[in-house]
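Student: This is the structure, below, for whatever I ask next.
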Amino acid sequence: MRLQSGDHVAFKELYSLYHQLLYGVACKYLKNAVMAEDAVHEVFVKLWVNRQQLDPAQGVRNFLFKCLKFHVLNVIRDHKRALIKQYNLSYQAPASHEEPEAVVLFNDYKKALDQAIEQLSPRKKHIFKLRTVEGLSNEEVAQKLGISINTVKFQFSQASQLLRHYLKLFSSTLLILLVRLFL
């Protein structure tokens, strides 16, 4: 009620109460501190702008988290390709300041992943790459390939399970080799 009447102190109290919590949630999904901070500020701006339309029965907390959810989803949608490109660049080129052993392990793991992807059926491989490399949604892949969304989900799920299994085997083998090497 105080916020609806334009009480700045009430707004500051809400900001102090919810800022860290909202920031933590935004960071969890956006994986970027600056974008998370922007999301939280946008939510509080929206709270202030729409304060007179707030439903006291719904509560401010629900409003804040609902706004954050939609804002984060919009940011992810709008920045999906850039985020995927940034991820791929960091995945493909390990930093030069890393330990040589880490670079070797990284390269071996990447080779194992590439080999695992190559062992997928052509259809699973294509769907997996469209989802992960190009960042398309299930719906977009289904439209592009002219198949049902359920087929895309099933094929992607199977591909992911096969890759996880292959990489677990690779990791176990690598661990055994390292243990034997150092014992």
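The values are calculated or read from the model by the stated rules, or taken from the named source; none is laboratory data. Note that the structure is a prediction, hence the values are computed from the model and not measured. Cβ sites come from the backbone with ideal geometry, for glycine too, and all protein chains shown count toward neighbours. Note: accessible area is taken over every heavy atom of the protein model, side chains too, but ligands, DNA and RNA are not part of it. Shrake-Rupley method; radii C 1.70, N 1.55, O 1.52, S 1.80 Å.
Student: What is the distance, in nm, between label points placed 7 Å from the Cα along the Cα-to-Cβ direction at GLN20 and at VAL133?
Tutor: Taking the simple label geometry, GLN20 and VAL133 are separated by 4.4 nm.
Student: Do any of LYS31/LYS69; LYS110/LYS153; LYS69/LYS144; LYS12/LYS69; LYS129/LYS168 go past 26 Å between their Cα atoms, and which? Write down the numbers at each step before the final one.
Tutor: Working: LYS31/LYS69 15 Å; LYS110/LYS153 24 Å; LYS69/LYS144 28 Å; LYS12/LYS69 21 Å; LYS129/LYS168 20 Å.
Violating the 26 Å Cα-Cα cut-off are LYS69/LYS144.
Student: Please check which bits of the stretch 1-28 a label hung off GLN53 would reach, taking the label as a point 7 Å along Cα-to-C-beta and the cut-off as backbone N under 18 Å.
Tutor: Residues 1, 3-6 fall inside that zone.
Student: Taking a probe of 1.4 angstrom, what is the accessible area of TYR29 in Å², to the nearest 10?
Tutor: Answer for TYR29: close to 130 Å² accessible.
Student: What does the convex hull of the Cα atoms come to per residue for the stretch 1-68, in Å³?
Tutor: 71
Student: Given a Förster distance of 25 Å, report the FRET efficiency between LYS66 and VAL9 from their Cβ-Cβ distance, rounded to the nearest 0.05.
Tutor: The pair LYS66/VAL9 has a calculated efficiency of 0.55.
Student: Sticking with this one: Applying the Karplus parametrisation 6.51 cos²θ - 1.76 cosθ + 1.60 with θ = phi - 60° to the phi angles of the stretch 148-156, what ³J(HN,Hα) value in whole Hz is obtained for each residue in order, glycine and proline being reported as x?
Tutor: Karplus values, whole Hz, x for Gly and Pro: 6, 4, 4, 5, 4, 4, 5, 5, 5.
Student: Step through the residues of the stretch 57-68 one at a time and calculate ³J(HN,Hα) from phi using the Karplus curve (6.51 cos²θ - 1.76 cosθ + 1.60, θ = phi - 60°), rounding each to whole Hz and writing x for Gly and Pro.
Tutor: Computed from phi, the couplings for the stretch 57-68 are 5, 6, x, 6, 4, 4, 4, 4, 6, 5, 4, 4 Hz.
Student: For the stretch 10-23, in order, what is each residue's ³J(HN,Hα) by Karplus, 6.51 cos²θ - 1.76 cosθ + 1.60 with θ = phi - 60°, in whole Hz (x at glycine and Pro)?
Tutor: Using θ = phi - 60°, the values come out as 4, 5, 4, 5, 5, 4, 4, 6, 10, 4, 4, 5, 5, 4 Hz.
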